[in-house]
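Undergrad: Would you mind keeping the following structure in view while I ask a few things?
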Amino acid sequence: MRALLLLAALCACSRQEDTMKTYSADGRLPIEKLFEAQDTLLRSGRWEVETVFDDRGLPSRVFRTKKKGPALWVLAGIHGEEPAPPNAVAQNIEKFDALARKGIPVVLFPLCNPVGYVKAWRYPDSEGRSGTGHSVGDSDHLLPDKAGKPRAMKATSAQAGALTAKVLALSKDYPPVLSVDLHEDDSIAKGYLYSQGPKGRQDPAAKAIIAEMDRLGYPVQLTGQTSFDEIIVGGVISGVQDGSVDELIAAREILVDGARRPGPGGKSVVVVETSTMKAPISERLRVHDAVLKMLEKLYQETNSSF
Ligand SMILES: [Zn+2]
């Protein structure tokens, strides 16, 4: 009987591994390697980790420094078909501990959408690479429309409900000074940024990242429109109400169960987009690596300018 149970347990295990084996055709790291790298943060004693939600056995986690205060926020892996950001975070994980060692409060969401990552699906429920579905970062249920009413009555998914609730909870002890959300885009052949903070296109952190992409020889889409009809000027899009977690992090006012509350009020909220159209993952990693190297300077400059 015991042998039978053991056999049944082994079968269940291998079945789960089969279904959760990471898509690899685009050169992304297996999800186990990302978790392994993220876990090294816990050895320094400077970090705490929480599971934001568990999706079919895979955790979406948030790491935060034990030191609280005006913080640097970094998010990666909201969209599962965009592998460079969570890979760059894993490969540069020691940089985050270096920031903690210097006394900078940090909130790190290293892989927001683990099921999307292993399947290379944009959304956990998209049934395909870019099919329709619900983003784990959907924040419309907390954001007011132009008339001050909630844009949605509830979160679009359990994952989005959990992620946005965690963002709001952490923003009290770790008010976001600089938030950088790393993404990719498969509809434009060049890179660009969103700036959701109060300085919009004039945000010095956004300008510095565009300048760094240019210095690296990475092509930047300086003008034109995204596939969502958003206007790009100087490589930067600002002032969009896209219901993203970045809009939530920047929001000065939010709606919780219909009641107005102060929002996280991020000072500088930047979304980096590299293009998956022509550049191999190694090229895109160079950009995300470079942005991670800039974080300390950008955080300090943003912190001292407000
Ligand atoms: Zn994306």
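Undergrad: Suppose we filter region 82-98 for residues that are surrounded by fewer than 21 Cβ atoms within 10 Å (Cβ to Cβ) and out of contact with any helix residue (DSSP H, G or I) (no Cβ under 6 Å at 6 or more places or on another chain); how many remain?
TA: Total satisfying the criteria: 3.
Undergrad: Restrict the check to region 266-283 and report whether at least one residue is β-branched (Val, Ile, Thr), more than 21 Å from Arg122 (Cβ to Cβ) and more than 17 Å from the chain's Cα centre (by Cα).
TA: no
Undergrad: Being assigned to a helix (DSSP H, G or I), within 16 Å of the ligand (Cβ to nearest atom) and either farther than 18 Å from Pro264 by Cα or touching a strand residue (DSSP E or B) at 6+ places or on another chain (Cβ under 6 Å) (or both) is true for just one of Leu193, Leu170, Leu163. Which residue is that?
TA: When all the criteria are applied, what remains is Leu163.
Undergrad: Here's another thing I want to ask about it. Can you name the condition, by its number, that Met277 falls short on among (1) part of a loop (DSSP other than H, G, I, E, B); (2) within 30 Å of Thr156 (Cα to Cα); (3) out of contact with any Asp or Glu (no Cβ under 7 Å at 6 or more places or on another chain)?
TA: So the condition that Met277 fails would be (3).
Undergrad: Next question, about the same structure. Mind checking whether some residue in region 217-231 is closer than 27 Å to Thr164 by Cα, in contact with a Ser or Thr (Cβ under 6 Å, 6 or more places away or on another chain), of a type in the set (S, T, N, Q) and within 16 Å of the ligand (Cβ to nearest atom)?
TA: yes
Undergrad: Moving to a separate point now. Failed condition for Asn92, given (1) more than 16 Å from the ligand (Cβ to nearest atom); (2) free of Cβ contacts under 8 Å to residues at least 60 places away in the same chain; (3) touching a Lys or Arg at 6+ places or on another chain (Cβ under 9 Å); (4) not aliphatic (A, V, I, L, M), with all others met?
TA: (2)
Undergrad: Something else now. Any idea which of Ser187, Ser130, Ser135, Ser126 is closer than 16 Å to Gly243 by Cα and within 16 Å of the ligand (Cβ to nearest atom)?
TA: Ser135
Undergrad: Between residues in region 173-184 that are in a strand (DSSP E or B) and residues that are within 9 Å of the ligand (Cβ to nearest atom), which pairs lie under 6 Å by C-beta distance while being six or more apart or on different chains?
TA: Asp181/Val271; Leu182/Pro85; His183/Glu82; His183/Val271; His183/Glu273; Glu184/Glu82
Undergrad: Given the conditions (1) in a helix (DSSP H, G or I); (2) touching a Pro at 6+ places or on another chain (Cβ under 7 Å), report the number of the one that Asp289 does not fulfil.
TA: (2)
Undergrad: How many residues does region 35-60 contain that are touching a helix residue (DSSP H, G or I) at 6+ places or on another chain (Cβ under 7 Å) and among the basic types (Lys, Arg)?
TA: 2
Undergrad: Go through region 53-86 and give me each residue that's touching a Lys or Arg at 6+ places or on another chain (Cβ under 7 Å) and within 14 Å of the ligand (Cβ to nearest atom).
TA: His79, Gly80, Glu81, Pro83, Ala84
Undergrad: Any residue at all in region 279-295 that's within 16 Å of the ligand (Cβ to nearest atom) and at pLDDT below 95?
TA: Yes, the conditions are met somewhere in region 279-295.
The values are calculated or read from the model by the stated rules, or taken from the named source; none is laboratory data. This one's a predicted model, so the numbers in the text were calculated from it and none came from an experiment. Every residue, glycine among them, receives a Cβ derived from its backbone with ideal geometry; neighbour counts consider all protein chains shown.
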